[in-house]
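Following: one structure in structure tokens, then a few remarks.
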Amino acid sequence: MATWNSRGLRGSTLEELINITNELYREKGLGLVQKIPTPITPVKIDKENGNISLAYFEKDSTVDYIGVVQGVPVCFDAKECAVDKFSLRNIHEHQIEFMRDFEKQDGISFLIVMFTHKNQFYYMRFSELLHYLDRVNEGYPKYFTYDELNPDYFIKSESGALVHYLKGLQLDLSNRNKKPEC
């Protein structure tokens, strides 16, 4: 059974920025997206300050966020990376399956990846994630690099939103709606 310790807080900076952004989106009537808590059972609690120092995960979580943006169901996971190579091992099979099932129900699944050393955010479409996962079967390494990413999907902070991922979502939706050329 998986356990949690202080390493379990990786990604908390990105999640806090996304939480602030989601609150702004809610206030402006742009969307309603919420953080999904990961169910844990505490094993060790520091009685002095009340912090959990050891716990186990009750079950596999799905993704970090789920909600609706102007009628479009969305789910996504937040990932941080401190180097130019993002290991696909950071994305778990149960998360991929959840996102795949979400897409089958006409929802939009994606990742928000923060490259902390560059202070840059990236909106990774689910199809792009699948591309990187599929190529592992062709002998490619189990990672993608910063330089491989589509520059159109880098997220800027603007309009008061710290991680303005709605622009990436808009681009994702418009590219899905394009008819293939004959």
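The numbers here are math on the coordinates, done by the rules we state, and not lab data. On a predicted model such as this, the values are computed, not experimentally measured, just so you know. Cβ placement follows ideal geometry from the backbone for every residue including glycine, while neighbour counts extend to all protein chains displayed.
Report the gain in length on full extension from Leu171 to Glu138: 0.36 nm times residue separation, minus Cα-Cα distance, nm rounded to one decimal. The partial results should precede the final answer.
Values: separation 33, 0.36 × 33 = 11.88 nm, distance 2.88 nm.
Taking 0.36 nm per residue and subtracting the Cα distance, the gain is 9.0 nm.
Would you mind checking which residues have amide H under 5 Å from Tyr143's amide H? H placed 1.01 Å from N; only 5 or more apart, or other chain.
Long-range HN contacts for Tyr143: Leu88.
From the backbone phi of the stretch 146-159, what are the Karplus-calculated ³J(HN,Hα) couplings (6.51 cos²θ - 1.76 cosθ + 1.60, θ = phi - 60°) in whole Hz, Gly and Pro given as x?
Values per residue, Gly and Pro as x: 3, 5, 7, 6, 6, x, 5, 9, 6, 9, 9, 8, 7, 6 Hz.
If you stretched the chain out fully between Thr116 and Glu23, how much longer would it get, using 0.36 nm times the residue separation minus the C-alpha to C-alpha distance?
On the way: separation 93, 0.36 × 93 = 33.48 nm, distance 2.23 nm.
Net length gain for the segment: 31.3 nm.
Once you keep just the Cα pairs under 8 angstrom separated by 6 or more residues, what percentage relative contact order results for the stretch 57-145? Don't jump to the answer; show the numbers that get you there.
On the way: 127 pairs, mean separation 26.3, N = 89.
Relative contact order for the stretch 57-145 comes out at 30 percent.
Which of Lys118/Lys167; Lys85/Lys178; Lys28/Lys167; Lys79/Lys167 have a Cα-Cα distance over 27 Å?
Numbers: Lys118/Lys167 20 Å; Lys85/Lys178 31 Å; Lys28/Lys167 15 Å; Lys79/Lys167 18 Å.
Flagged as over cut-off: Lys85/Lys178.
Based on the Cβ-Cβ distance of Glu16 and Lys47, what FRET efficiency does E = 1/(1 + (r/R0)^6) give at R0 = 30 Å, to the nearest 0.05? Mind showing how you got there, number by number?
Working: r = 26 Å, r/R0 = 0.88.
Approximately 0.70, to the nearest 0.05.
Test of understanding: what is the full-extension gain from Glu97 to Ser127, defined as 0.36 nm times their sequence separation minus their Cα-Cα distance? The partial results should precede the final answer.
Values: separation 30, 0.36 × 30 = 10.80 nm, distance 1.30 nm.
Additional length available on full extension: 9.5 nm.
Through the Karplus equation 6.51 cos²θ - 1.76 cosθ + 1.60, θ set to phi - 60°, convert the phi angles of the stretch 138-145 into ³J(HN,Hα) values in whole Hz; use x for Gly and Pro.
These are the phi-based 3J(HN,Hα) values: 8, x, 6, x, 8, 7, 10, 10 Hz.
Along the stretch 116-133, what does the Karplus equation 6.51 cos²θ - 1.76 cosθ + 1.60 (θ = phi - 60°) give for ³J(HN,Hα), rounded to whole Hz, x for Gly and Pro?
The phi angles translate into 4, 6, 10, 6, 10, 10, 9, 8, 9, 4, 4, 4, 5, 4, 4, 4, 5, 5 Hz.
Just the ratio, please: alpha-carbon radius of gyration of the stretch 59-132 over 2.2 N^0.38 Å, N its number of residues.
Computed over Cα atoms of the stretch 59-132, the ratio equals 1.10.
Could I have the simple spin-label model distance between Lys85 and Gln34, label points 7 Å from Cα toward Cβ, reported in nm to one decimal?
4.0 nm
What translational diffusion coefficient, in µm²/s and rounded to a whole number, does the Stokes-Einstein relation yield for the stretch 108-182 at 25 °C and a viscosity of 0.890 mPa s, taking the hydrodynamic radius as the Kirkwood radius over Cα pairs? Walk me through the numbers before you get to the answer.
Working: Rh = 13.7 Å.
In µm²/s, the coefficient rounds to 180.
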